[in-house]
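None of the figures in this text is laboratory data; all of them are computed from the coordinates on show. Please read all numbers here as calculations on a predicted model, not as lab measurements. Neighbour counts run over all protein chains shown; Cβ positions are idealised from the backbone, glycine included.
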2 protein chains.
Amino acid sequence: MTAERATGNVSVPITRFRAGAWSAVEDTVAAEEPLEVRLRWQGPSGVEQRSIAVTMRTPGSDFELATGFLFGEGIVRSREDIIDVSYCTDAGEEQLQNVVLVTLRPGLTFDPARLERNFYTTSSCGICGKATLEALEVQGCEVLPAEWAVQPYLICLLPRALREAQVVFSRTGGLHAAGLFSRDGALLDLFEDVGRHNALDKLIGSHVLAGQTRIPGGILVLSGRASFELVQKALMARIPFIAAVGAPSSLAVQLADGFGQTLLGFVREDGFNIYAGRQRIETPRAPG
Amino acid sequence: MTAERATGNVSVPITRFRAGAWSAVEDTVAAEEPLEVRLRWQGPSGVEQRSIAVTMRTPGSDFELATGFLFGEGIVRSREDIIDVSYCTDAGEEQLQNVVLVTLRPGLTFDPARLERNFYTTSSCGICGKATLEALEVQGCEVLPAEWAVQPYLICLLPRALREAQVVFSRTGGLHAAGLFSRDGALLDLFEDVGRHNALDKLIGSHVLAGQTRIPGGILVLSGRASFELVQKALMARIPFIAAVGAPSSLAVQLADGFGQTLLGFVREDGFNIYAGRQRIETPRAPG
């Protein structure tokens, strides 16, 4: 084990709309990158190695993260179960410090078949189902065309409209919401869940069940933060516009920008930040 | 497909501490229950069926959730790919409406080997790694002894101490934090991440790497909501006390209560709610 980098945030250029005025500023977003956890152990016929988890995380304390994950899953039960934790340096592996290799002590029983039986994906994680970091790219998605734009003041009204429509939140304070609005600000759909990814899965699933696999005219409003997984799910359904009440992650910004999707963060009654896709906001007096 | 229940919240009895006064009231928490998604398809040698995902969700719109999840993973691409979505009624299966069966159209290629290769768990989801709903119980955990208690006013100071110690949050607004405090309110550890489960994995992993698999003297302070997975991870490390700034879910309350763990929600400068484990709060004038 060696010292590792600790980089919690990333600087990105944004366009800010606040109290009717536009400005071009640098904003800081939380760094989000995939981490793959690989396990190495002594099997009956020699050393075995296998990738067992991929998670989207903020870089830093990666060895602790891998160890805590294995502990929570019951794969290691003490410090003595681990011989070494290191960034993977396999031949041909680009060293991005995004793959951590944990080597188990000899004699520690580990049955890879258990993984196949017991490890399932979950809709709270869009990165599940990706075998390698390289497979992260959204498959089959093309750049979204910019067919329409909306007034900034309309956007500022959406979070309140979402909150007022939330039937459960006001009583529990515990539910995330994903709402779909039309271009003129009418609420079309609203789904809630303890898991933010579930709320979006419910919204998109309702459209798929109704025969619609593309939602090109919608504005997706999220009650919380915008992560990579949420942007990915929205891209799969060709939703061109995301307005999040919370902050976006670095990878969410990168993905939205790469596919021409509009991504707004910190959407409030008096303004918002544009992280990607400025072309869908009418900005007559925008700088630059 | 038939109509389904929609139950977004659950009523629980709590003890509330606010502005120096105690009260016993009913509180409403967001319902959280596991949902298992099973897939049925026509294989080369007959009908095959397999459980492919378990997620913690708020009951309601379960068919939409299952469909949206399969769409996001690219397993179904349109409404026509699905013959039927229903609650599972297999013989011997207790009908709890927590298992949804999706039947694919004949001819739709689905390779279960793809799941084994590509579907990984993630530390953003504690339910991963559980083959069935029955396996949800935390394995090998005993009820936590009540060896100490703290003054309520000390607890009210912890969220601010956590925020002030967060180096990244103040700049990005985008990171969850998990902090460990001593019984007298000293900050021992702080980890941040875009994923709340990662922040806790990092905290617990740092202790495991230091040779400690039990943290019986600590107060875990969470910057957000308390879900089932976070309570489960804390139980694995024998942390007896959780103080969350946000709301707990119904299953988080149930799990904490079942293992004698203290779970507080909505912890603010002027008070908090006790959802489980009241014995660790000094409440001289508590009702009941």
Quick check: from the Cα gyration tensor, does segment B:171-211 come out rounded (a/c under 1.5), prolate or oblate?
oblate
Would you tell me the mean number of C-beta atoms belonging to other protein chains that fall within 10 Å of each C-beta in B:217-228, as a whole number?
1
Lys and Arg at +1, Asp and Glu at -1: neighbours of residue A:148 with Cβ under 12 Å from its Cβ sum to -1
Using a Förster distance of 56 Å, how high is the FRET efficiency between residue A:47 and residue B:97, based on the Cβ-Cβ distance and rounded to 0.05?
0.75
What is the extension gain from residue A:109 to residue A:18, computed as 0.36 nm multiplied by their sequence separation minus the C-alpha to C-alpha distance, in nm to one decimal?
27.0 nm
Classified through the alpha carbon gyration tensor (a ≥ b ≥ c as square roots of its eigenvalues; rounded if a/c is under 1.5, else prolate when a/b is larger than b/c, else oblate), segment A:7-107 comes out prolate
at residue B:111 the sorted inter-copy label distances (label 7 Å from Cα on Cβ side), in nanometres, are 2.7
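Full-extension gain between residue A:80 and residue A:282, please, as 0.36 nm times their residue separation minus the C-alpha to C-alpha distance.
66.7 nm
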Quick check on packing: order A:64-70, B:21-27, A:29-35 by the mean number of other C-beta atoms within 10 Å, highest mean leading.
A:64-70, A:29-35, B:21-27
Using a 10 Å cut-off around each Cβ of peptide B:70-80, what is the average number of partner chain Cβ atoms that fall inside?
6
Using only the Cα atoms of segment B:152-280, what do you get for the radius of gyration and for Dmax, in Å?
13.1, 39
Shielding by partners - mean other protein chain Cβ count within 10 Å, residues of B:206-214
5
At 7 angstrom along the Cα-to-beta-carbon line, where would the label on residue B:19 sit relative to the other copies? Give the distances in nm, shortest first.
3.2
